[in-house]
Amino acid sequence: MTDGPGSVIPTALPQSSKRRDNSARQKQILDVLLETGSATIEGLAERFDVSRMTIHRDAHALVQQGLIDKLHGSIVLRNKVTTQKTVNFRRSRATDLKDAIIQRAISLIQPEQVLVLDDSTTVAAMLPLLPALAPLTIITNAVGVIQALSPYPNLKLICLGGDYNPPRNAFFGLVCEQAAQSLRANMMFLSTSIIHNGTAFQNDQDVVKVKRAMMDIADQCVLLVDSTKFRKGGLHRLASLSEFDRVLTDSHLKPSIAKALAQEDVKLEICT
């Protein structure tokens, strides 16, 4: 539609498209908060390249769902465990995309292996399927992993202690890193916050240090990342994707990204 010579009135986006964009951004905001516990409105506006008012609206929607609290100029995760269990949050986590990834990850495990599991929500989706593969030895820094698997006698659990991080419900710090270095494992399963230009990133440097320490003790490292993780951003470099023995993702990954990763010798598997 035009308004006089040389001028164009942009057509408004359909409301359904706006809702999808808002929902996707709100999921990404939750990802940030699950890593950091809190974030500023200004910082989120810069990260997602939107106005502060847009972030305020997103924050209000998440407050209405009972997932976060708004403070002056910032937002905080209300409770990580509660958030993960909230129905609305589970619906927002693209679990249908993760199902194929989890099934493929489980297929790689053999009884009597020693596994390392990180504290990510993606790896947590593997836990209900592990008892059927017992006996296994599980090394982890995540309290949630211990709690979920402790009822099963054929699963030997080794918890890496250290500095307890309540928002993540897991242990980090020097003690945790040193404990990991005294062990050895067949395979590690982990996830990450963001993948940008063939590199995995985390928003917390303490998380990076412990993940790296656990990666170093495993013969193979398998990265589980749904297609929503492939986006701009990231603060602390975890690793190049070429460092992983397998990178498992879903069929919604953009073909252009898959092609670029293949050219970088990334061992990418599209799970369907």
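Got a sec? Charge dipole of the chain, +1 on Cβ for Lys and Arg, -1 for Asp and Glu; which of Gly37, Leu130, Asn186 is way out at the positive end?
Sorting the options by dipole projection puts first Gly37.
Given H placed 1.01 Å from N in the peptide plane, which residues other than close sequence neighbours of Asp250 have an amide H under 5 Å from its amide H?
Ser227, Cys271
Just to confirm the number: angle between the C-alpha axis of helix 15-36 and the first principal axis of the chain, 0 to 90 degrees, nearest 10?
So the inclination is approximately 40 degrees.
For Asp163, what accessible area in Å² do you get when you roll a 1.4 Å probe over the heavy atoms of the protein chains, rounding to the nearest 10?
Counting only protein heavy atoms, the figure is 100 Å².
Would you pull out the residues with amide H under 5 Å of Arg78's amide H, same chain only if 5 or more places away, H placed 1.01 Å from N?
Close amide H contacts, sequence-distant or interchain: Ile68, Asp69.
Would you work out what percent of the accessible area of the chain, with all protein chains in place, is carbon or sulfur (probe 1.4 Å)?
Exposed carbon and sulfur together represent 50 percent of the surface.
May I ask for the distance between the Cα centers of the range 253-272 and the range 184-250, given as a whole number of Å?
What the calculation gives is 15 Å, centre to centre.
Given a 1.4 Å probe, how much area per residue of the range 15-80 is accessible, in Å²? Please list the in-between numbers first.
Working: 3530 Å² over 66 residues.
Heavy-atom accessible area per residue stands at 53 Å².
To the nearest 500 deg cm²/dmol, what mean residue ellipticity at 222 nm is calculated for the chain from DSSP H runs of n ≥ 4 alone, each contributing -39,500 (n - 2.57), summed and divided by the residues?
Values: 11 runs with 108 residues, N = 272.
It lands at -11500 deg cm²/dmol.
Considering only protein heavy atoms, what per residue accessible area in square angstrom results for the range 90-270 with a 1.4 angstrom probe?
44 Å²
For the range 90-270, please report how many Lys pairs fall under 29 Å Cα to Cα, leaving out neighbours fewer than 8 apart on the same chain.
26
Please give the charge dipole size of the chain, origin at the Cα centre, charges +1 on K and R Cβ atoms and -1 on D and E Cβ atoms. Round to the nearest 20 debye.
Dipole of the chain, to the nearest 20 debye: 700 debye.
Sequence-distant or interchain residues sharing an amide H contact under 5 Å with Phe230, placed H: which?
Ile195
The values are calculated or read from the model by the stated rules, or taken from the named source; none is laboratory data. Note that the structure is a prediction, hence the values are computed from the model and not measured. Using ideal geometry, Cβ is built from the backbone for each residue, glycine included, and neighbour counts are taken over all protein chains shown. Accessible surface areas use protein heavy atoms only, side chains included; no ligands, DNA or RNA. Shrake-Rupley method; radii C 1.70, N 1.55, O 1.52, S 1.80 Å.
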